[in-house]
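**Q** I have a structure here, written as structure tokens, and I will follow up with some questions on it.
Each reported figure results from applying straightforward, stated rules to the coordinates on display, with no laboratory input. Please read these numbers as outputs of a predicted model, since none were measured by experiment. As a convention, Cβ positions derive from the backbone with ideal geometry for all residues, glycine included, and neighbour counts pool all protein chains shown.
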Amino acid sequence: MEKKSDILLRNMIKNWVNRQRPPDSGRARLLWGAAHISNDKFDLAVIFPRPQFKSYPASSANEWPQTFFTWINENSIQLRIQARII
Amino acid sequence: MSNCPEQTEAISDSELALSLQAGSLEALGVLYDRHRGLVFRTALAITGDAEAAADLLHDIFLRLYRFAAHIDPQRPLEPWLYRMTTNLSYTWVKRRQRWFRPLEDVADWLAGARKDTPAYQAEMDDSWRQVQQAVSSLPLAHRGVVVLYYVNDLSLQEISDILEIPVGTVKSRLHYGRQALKQSLGLLAGEMMPELQYEFT
């Protein structure tokens, strides 16, 4: 059996904690966040297509701008198509 | 799933967990309504900060949704919620102690004169603040046990399972935590703060 002082202590702590309540907006905020998570899971695959890297010849260091712009040209077509689908 | 409160009450946690695994936001809402008090109270008692408790409440249920696939629907959900709440509350307290406490000390030092103002004294006279300070001054490990025991009415065995510590450790932490609280709140010699006496009679 609990001592009287223990019961008192229990009541004191409980009353202190019960004075405050979770915010009313908590539920809506949670569901919004959860919906965002599930959307992220779904959208990421659609929005970001996996870029297809090809092995471009890089015989010299001066060729990297050409390689870079070729990669952008090729992948931008794919990105535009994906953007229209969304 | 029905929106009728009577019908949602009849749905068990395990059924809701299964729905959650299928991505049901409605199941998440029902679980939140059912267990938010438990999580909020525990987080509030450990952190001593209502804003932090609200953020932890949000974070814990978001984690429940995100990691629903890893939860066994056949097992009760409450121990998982308790464990997650105590662990994240501990993390919050440790982080705060590391980063914000020194800043608070500097702020207190800069605003040293404020402690002499009547407003500050009135604030400090608040009986509930004394309870909060008494709980917050406990070592973190003792605080967790005390909160689970006194706020959530859990048994020693349940606390042992949740915190994954032996029952003997739970007993000793509870003993020291209880003694410290009684000393802080003036309950040891039968004396009691008059304001609190008024609240409980």
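**Q** Once label points are set 7 Å from the Cα along Cα→Cβ at both A:Asp6 and B:Trp128, what is their separation, rounded to one decimal in nm?
**A** 2.7 nm
**Q** Take every residue in peptide A:23-35, count the Cβ atoms of other chains within 10 Å of its Cβ, and give the average of those counts.
**A** Other-chain Cβ atoms within 10 Å of each residue's Cβ, averaged: 6.
**Q** Apply 1/(1 + (r/R0)^6) to the Cβ-Cβ distance of A:Asn18 and B:Glu51, taking R0 = 25 Å, and write down the FRET efficiency to the nearest 0.05.
**A** The computed FRET efficiency comes out at 0.90.
**Q** For the pair B:Ser137 and A:Arg29, what calculated FRET efficiency results from E = 1/(1 + (r/R0)^6), where r is the Cβ-Cβ distance and R0 = 41 Å, to the nearest 0.05?
**A** 0.85
**Q** Ignore the peptide's own chain and count Cβ atoms of other chains within 10 Å of each Cβ in B:39-49; give me the average, rounded.
**A** Mean number of neighbouring Cβ atoms from other chains: 3.
**Q** What does a probe at B:Arg95 reach in the stretch B:28-48, counting residues whose amide N is under 14 Å from the point 7 Å along Cα→Cβ?
**A** Label zone hits: B:47.
**Q** 7 Å from Cα along Cα→Cβ at both B:Thr169 and B:Leu18: what's the point-to-point distance in nm?
**A** Taking the two extended label points, one gets 3.6 nm.
**Q** Hey, quick one: spin label on B:Asp72, modelled 7 Å out along Cα-Cβ, who in the stretch B:17-54 has an amide N within reach, i.e. under 18 Å?
**A** B:17-19, B:21
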